[in-house]
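Engineer: Here it is, the structure, as structure tokens.
The values are calculated or read from the model by the stated rules, or taken from the named source; none is laboratory data. Everything numeric in this text was worked out from a predicted model, so none of it was measured. Every residue, glycine among them, receives a Cβ derived from its backbone with ideal geometry; neighbour counts consider all protein chains shown. The accessibility values were calculated without ligands, DNA or RNA, using every heavy atom of the protein model including side chains. Shrake-Rupley method; radii C 1.70, N 1.55, O 1.52, S 1.80 Å.
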Amino acid sequence: MGWFRAGSSIAKLAVRRTLSQGGSYAARSRAFSAQNRYFHTTFFKSKAQAAPVPRPVPLSKLTDSFLDGTSSVYLEELQRAWEEDPNSVDESWDNFFRNFVGQAATSPGISGQTIQESMRLLLLVRAYQVYGHMKAKLDPLSLEQREIPDDLDPALYGFTEADFDREFFLGVWRMSGFLSENRPVQTLRAILTRLEQAYCGTIGYEYMHIADREKCNWLRDKIETPTPMQYNRQRREVMLDRLIWSSQFENFLAAKWTAAKRFGLEGGETLIPGMKEMFDRAADLGVESIVIGMSHRGRLNVLGNVVRKPLQQIFSEFSGGTRPVDEVGLYTGTGDVKYHLGTSYDRPTRGGKRLHLSLVANPSHLEAVDPVVVGKTRAKQYYSHDVDRTKNIGVLIHGDGSFAGQGVVYETLHLSALPNYTTGGTIHIVVNNQVAFTTDPRAGRSSQYCTDVAKALNAPIFHVNGDDLEAVVHVCELAAEWRQTFHSDVVVDIVCYRRFGHNEIDEPSFTQPKMYKVIREHPSALQIYKQKLIESGQVTKEDIDKLHDQVNRILNKEYTASKDYVPKKRDWLSAFWAGYKSPEQISRVRNTGVKPEILKTVGKAITTLPETFNAHKQVKKIFGDRAKMIETGEGVDWAVAEALAFATLLVEGNHVRLSGQDVERGTFSHRHSVLHDQESGETYCPLDHVVMNQDPEMFTVSNSSLSEFGVLGFELGYSMENPNALVMWEAQFGDFANGAQVIFDQFVSSGEAKWLRQTGLVVLLPHGYDGQGPEHSSARLERFLQMSDDNPYVIPEMDPTLRKQIQECNWQVVNVTTPANYFHVLRRQVGAAYLITIVF
């Protein structure tokens, strides 16, 4: 099939030239009805007078200009050789002639099919695969006017209305879907009808940018089914129930708290049943835990209906709530608005399994939570020994404006295939309101779709009309199947609308008057689906009314109970953090000392290189000097102290992870934790060989992508999963930490106060007074002075003036002026619930 993919563009140009010789295209088009679908075609018009398109000719009469690059003589010779001995031609041509010529010889109905028509029909099918999404009916408001590509016009390939009822064979070597060899002979009308149903309905598929035949064929098998997908009555009743819950939840909040901001999901209600069906399918495929990240739009609905946060607790928060009582040492923090909070829950699935769901808290900074979710997911995979990365997955819900506009999205996407950051694929869902606050798409992005950024990863993208519930459910299930099959990212773009303003008290008609005039008259997704089921005869109006009444009874019952609701504990703290002290309590001081004989034993392990390893001569000298330090106990430098801290923690069974730009060697060439053979290029990490049969991931040191925001967020999420580990992020230079300032401000310095989220992350900020200017000098500790709320520790080697500034901010300053102190500080951090920033 290489000839087909590589030559398709040339072939299309050639088709245009061949059909345009001696004539021109008329500027009119006609539509042919076929099972309530329409095919747009353009008729060929002679310069002198109207005339039919020239009929395709047999192979023997082809002109040398066929496809502007394939000689008819060459094709004839290939066919003649194939007829004498099929093994004498390439396998691809053998399949081509066997399918088209051989099939035509045995099927009277297609005896007139020519090689030209076969090639052109292949190109037409491929055009639907590539451009069909451009014709799909994605906008529920029908406001978007998109030009249908000429490539979808059958006339471009020489087909006329007279050809629509002719039969054609489409089998192609090593292809799936419409082009598979086992598909029956069909009329052109039937082929076009099914192509329109598959690619131009309420789902638009983008996957032909993926340069992987297996992945594309897998999708073709799912998309190009012989008949359209249909759900049975039982599944439809479940979807209806879930859509009613989604809709009634928003209606209930709107009725009870009319002036409250809730950033409701009206206009995108199908997200909820879509997520539920996705999670059910994922559980059937082996997923046991899902970490979810999202911003404010629809968050309360997801909290209540998907992650099952108690409804009475949500309602209590709307009414102002009450502070927890009767718990000794309870730290309640400052709190945050209800649409920033998270929760966790073990949810039963339709298939009878239990699925752990956790929704990570997120600030108003859209997309900031993305790397945090991915890091937390990776940590869950490590602690649960999920080596294949099939039991724990991350799901991120985005907005259209932020997915295209926020740089951290790109930073997070590009962690997806990095060996020490991959989670085996994240599922991305875009709640595409077609407007970002007050900004239209044409002012918010340069690309056609808000999801185009994901093409850089070769991720498939499923655009779907948010008013079509069953289409939303279908692509959500398909996304789960893709993730579990290929362990890579996938995007679902739910094209919907926002029934009200950015929040419920905002007036959207100031800036989008035309859109909101249409929205005011537009039926909800629930109204559309109820009508569909009633017309199908599968559900009656009485059935629907019963479901409505049941949901309303539960909502009212929970509302009544919310008036007396008092939280008794920190409801959603991770089990790993149970028993850890809050900022209002004093923790015990751990003994961080290690016996000399243990230090010498591990020291020998981390300074000994394999005899066959060809280290750089300077590195070999460094390790020789380190061995002397271990043996004599004299002159131990910072790098050796750090390595000893790591090694002793590993011996004690603790997980150690160090991540950041150039951390394997170290910015100042001081660490050398990963060595490179000067002849073979192979690598060796001494800290991977401290204990017998050491888990390869127990010690992880990894150069990151050139990112601060994304990677610090990842490591923060990783550290939040379990306190019994040493998790570190190191800036390339300490001053560069401000590239991740959103993470420092919104998560690190205030996460526990706002959301009761604890972390033991260590931040390393190396710098040096070495004449490289103000951007590489001091790590700018003054930026961290506002981070005193959660009682982090700073361990700097600093001048007295800066020390005085920090002490005035009530920081606890530990003076680390020696490698020995550095050793003890790192060891003390395992099992700690506070942040340490180390500057050196």
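Engineer: Among the numbered criteria (1) open to solvent by less than 60 Å² (accessible area, probe 1.4 Å); (2) within 26 Å of residue 558 (Cα to Cα); (3) at pLDDT below 85, which one does residue 331 miss?
Structural biologist: Evaluating residue 331 over (1) open to solvent by less than 60 Å² (accessible area, probe 1.4 Å); (2) within 26 Å of residue 558 (Cα to Cα); (3) at pLDDT below 85 leaves (2) as the failure.
Engineer: Moving on to the next point. Can you name the residue in the stretch 693-719 that is more than 17 Å from residue 606 (Cα to Cα) and out of contact with any strand residue (DSSP E or B) (no Cβ under 9 Å at 6 or more places or on another chain) and, of all such residues, is most open to solvent (accessible area, probe 1.4 Å)?
Structural biologist: The extreme case among them is 706.
Engineer: Sticking with this one: Can you confirm whether the stretch 170-182 contains a residue that is over 30 Å from residue 521 (Cβ atoms), hydrophobic (A, V, I, L, M, F, W, C) and modelled with pLDDT of 95 or more?
Structural biologist: So the first thing to find is which residues in the stretch 170-182 are over 30 Å from residue 521 (Cβ atoms), and the list is 170-182.
Now narrow it down to the ones that are hydrophobic (A, V, I, L, M, F, W, C): 170, 172-173, 175, 178-179.
Checking which are modelled with pLDDT of 95 or more leaves us with none.
No, every residue in the stretch 170-182 fails to be over 30 Å from residue 521 (Cβ atoms), hydrophobic (A, V, I, L, M, F, W, C) and modelled with pLDDT of 95 or more.
Engineer: To continue, here is another question. Give me a count of the residues in the stretch 129-149 that are assigned to a helix (DSSP H, G or I) and free of Cβ contacts under 8 Å to residues at least 24 places away in the same chain.
Structural biologist: Final tally of qualifying residues: 1.
Engineer: Are any residues in the stretch 164-190 over 30 Å from residue 466 (Cβ atoms), open to solvent by less than 10 Å² (accessible area, probe 1.4 Å) and not in a loop (DSSP other than H, G, I, E, B), and if so, which ones?
Structural biologist: 168, 179, 188
Engineer: Looking at the stretch 539-565, which of the residues that are assigned to a loop (DSSP other than H, G, I, E, B) and open to solvent by 50 Å² or more (accessible area, probe 1.4 Å) is modelled with the highest pLDDT? Break it down stepwise before answering.
Structural biologist: Just the residues of the stretch 539-565 that are assigned to a loop (DSSP other than H, G, I, E, B), to begin with: 539-540, 563-565.
Now restrict to residues that are open to solvent by 50 Å² or more (accessible area, probe 1.4 Å): 540, 563-564.
Working: 540: 93, 563: 88, 564: 87.
Step by step, filter the stretch 539-565, then rank; the result is 540.
Engineer: Here is a follow-up. Taking into account only those residues within the stretch 511-553 that are of a type in the set (Val, Ile, Thr) and touching a residue at least 12 places away in the same chain (Cβ under 8 Å), which is farthest from residue 239 (Cα to Cα)? Explain how you work it out, then say what you get.
Structural biologist: Restricting attention to the stretch 511-553, the residues satisfying the condition of being of a type in the set (Val, Ile, Thr) are 511, 518-519, 528, 534, 539-540, 544, 551.
Imposing the further condition that a residue be touching a residue at least 12 places away in the same chain (Cβ under 8 Å) reduces the set to 511, 518-519, 528, 539, 544, 551.
Details: 511: 35, 518: 26, 519: 24, 528: 13, 539: 12, 544: 12, 551: 14 Å.
So the residue we want is 511.
Engineer: Does residue 468 count as more than 23 Å from residue 369 (Cα to Cα) and modelled with pLDDT of 95 or more?
Structural biologist: Criteria met by residue 468.
Engineer: If you don't mind, there's one more thing I want to ask. Identify, by number, the condition in (1) open to solvent by less than 50 Å² (accessible area, probe 1.4 Å); (2) more than 24 Å from residue 825 (Cβ to Cβ); (3) touching a strand residue (DSSP E or B) at 6+ places or on another chain (Cβ under 6 Å) that residue 677 doesn't meet.
Structural biologist: That leaves (3) as the condition not met.
Engineer: So, one more: State all residues of the stretch 483-499 that are open to solvent by 10 Å² or more (accessible area, probe 1.4 Å) and in a helix (DSSP H, G or I); if no residue qualifies, say none.
Structural biologist: 484, 485, 486
Engineer: Please pick out the residue among 308, 281 that is open to solvent by 40 Å² or more (accessible area, probe 1.4 Å), out of contact with any Pro (no Cβ under 7 Å at 6 or more places or on another chain) and in a helix (DSSP H, G or I).
Structural biologist: Numbers: 308 fails: in a helix (DSSP H, G or I).
After ruling out the rest, the residue left standing is 281.
Okay, residues lined up against (1) touching a residue at least 24 places away in the same chain (Cβ under 8 Å); (2) in contact with a Lys or Arg (Cβ under 6 Å, 6 or more places away or on another chain); (3) within 18 Å of residue 294 (Cβ to Cβ):
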{"site": "369", "(1), (2), (3)": "yes, no, yes"}
{"site": "374", "(1), (2), (3)": "yes, no, yes"}
{"site": "383", "(1), (2), (3)": "yes, no, no"}
{"site": "389", "(1), (2), (3)": "yes, no, no"}
{"site": "397", "(1), (2), (3)": "yes, no, yes"}
{"site": "401", "(1), (2), (3)": "yes, no, yes"}
{"site": "409", "(1), (2), (3)": "yes, no, yes"}
{"site": "414", "(1), (2), (3)": "yes, no, no"}
{"site": "424", "(1), (2), (3)": "yes, yes, no"}
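Engineer: Further question: Would you check if residue 295 is in contact with an Asp or Glu (Cβ under 6 Å, 6 or more places away or on another chain), buried (at least 17 other Cβ atoms within 10 Å of the Cβ) and touching a residue at least 24 places away in the same chain (Cβ under 8 Å)? Step through it out loud before you land on a result.
Structural biologist: Working: in contact with an Asp or Glu (Cβ under 6 Å, 6 or more places away or on another chain): no; buried (at least 17 other Cβ atoms within 10 Å of the Cβ): yes; touching a residue at least 24 places away in the same chain (Cβ under 8 Å): yes.
Considered against the rule, which asks whether it is in contact with an Asp or Glu (Cβ under 6 Å, 6 or more places away or on another chain), buried (at least 17 other Cβ atoms within 10 Å of the Cβ) and touching a residue at least 24 places away in the same chain (Cβ under 8 Å), residue 295 comes out as no.
Engineer: Please enumerate the residues belonging to the stretch 502-527 that are in contact with a Pro (Cβ under 9 Å, 6 or more places away or on another chain) and modelled with pLDDT of 95 or more.
Structural biologist: Kept after step one, since they are in contact with a Pro (Cβ under 9 Å, 6 or more places away or on another chain), are these residues of the stretch 502-527: 502, 515-516, 519, 522, 525.
Those that are in contact with a Pro (Cβ under 9 Å, 6 or more places away or on another chain) and modelled with pLDDT of 95 or more: 522, 525.
Engineer: When you check residue 438 against the structure, is it modelled with pLDDT of 95 or more and among the hydroxyl-bearing types (Ser, Thr, Tyr), yes or no? Let's see the steps before the verdict.
Structural biologist: Details: modelled with pLDDT of 95 or more: no; among the hydroxyl-bearing types (Ser, Thr, Tyr): yes.
Against the criterion (modelled with pLDDT of 95 or more and among the hydroxyl-bearing types (Ser, Thr, Tyr)), residue 438 does not qualify.
Engineer: Right, next: Restricting attention to the stretch 263-278, report how many residues are over 22 Å from the mean Cα position of the chain (by Cα) and open to solvent by 10 Å² or more (accessible area, probe 1.4 Å).
Structural biologist: Residues of the stretch 263-278 over 22 Å from the mean Cα position of the chain (by Cα): 263-264, 266-267.
Retained after the next criterion (residues that are open to solvent by 10 Å² or more (accessible area, probe 1.4 Å)): 263, 266.
Final tally of qualifying residues: 2.
Engineer: In addition: Can you confirm whether residue 687 is open to solvent by less than 30 Å² (accessible area, probe 1.4 Å), of a type in the set (A, V, I, L, M, F, W, C) and more than 21 Å from residue 412 (Cα to Cα)?
Structural biologist: Values: open to solvent by less than 30 Å² (accessible area, probe 1.4 Å): yes; of a type in the set (A, V, I, L, M, F, W, C): yes; more than 21 Å from residue 412 (Cα to Cα): yes.
Yes, satisfied.
Engineer: Given the criteria of a type in the set (D, E, K, R) and either touching a strand residue (DSSP E or B) at 6+ places or on another chain (Cβ under 7 Å) or buried (at least 18 other Cβ atoms within 10 Å of the Cβ) (or both), does residue 237 qualify?
Structural biologist: On the way: of a type in the set (D, E, K, R): yes; either touching a strand residue (DSSP E or B) at 6+ places or on another chain (Cβ under 7 Å) or buried (at least 18 other Cβ atoms within 10 Å of the Cβ) (or both): no.
So residue 237 does not fit the description; no.
Engineer: Now, a different point. Among the listed residues 193, 202, identify the single one that is among the β-branched types (Val, Ile, Thr) and either open to solvent by 20 Å² or more (accessible area, probe 1.4 Å) or under 16 Å from residue 490 (Cα atoms) (or both).
Structural biologist: Working: 193 fails: either open to solvent by 20 Å² or more (accessible area, probe 1.4 Å) or under 16 Å from residue 490 (Cα atoms) (or both).
From the options 193, 202, the qualifying one is 202.
Engineer: Another question, if that's okay. Filtering the stretch 468-482 down to residues that are in contact with a Leu (Cβ under 9 Å, 6 or more places away or on another chain) and over 18 Å from residue 398 (Cα atoms), which residue is most open to solvent (accessible area, probe 1.4 Å)?
Structural biologist: Ranking the qualifying residues of the stretch 468-482, first place goes to 481.
Engineer: Within the stretch 201-257, restricting attention to residues that are among the basic types (Lys, Arg) and within 30 Å of residue 542 (Cβ to Cβ), which residue is farthest from the chain's Cα centre (by Cα)?
Structural biologist: Residue satisfying both the conditions and the ranking: 256.
Engineer: Residue under question is residue 180, and the condition is that it be under 30 Å from residue 506 (Cα atoms) and of a type in the set (Gly, Ala, Ser); does it hold? Give the steps one after another, and end with the answer.
Structural biologist: Numbers: under 30 Å from residue 506 (Cα atoms): no; of a type in the set (Gly, Ala, Ser): yes.
Against the criterion (under 30 Å from residue 506 (Cα atoms) and of a type in the set (Gly, Ala, Ser)), residue 180 does not qualify.
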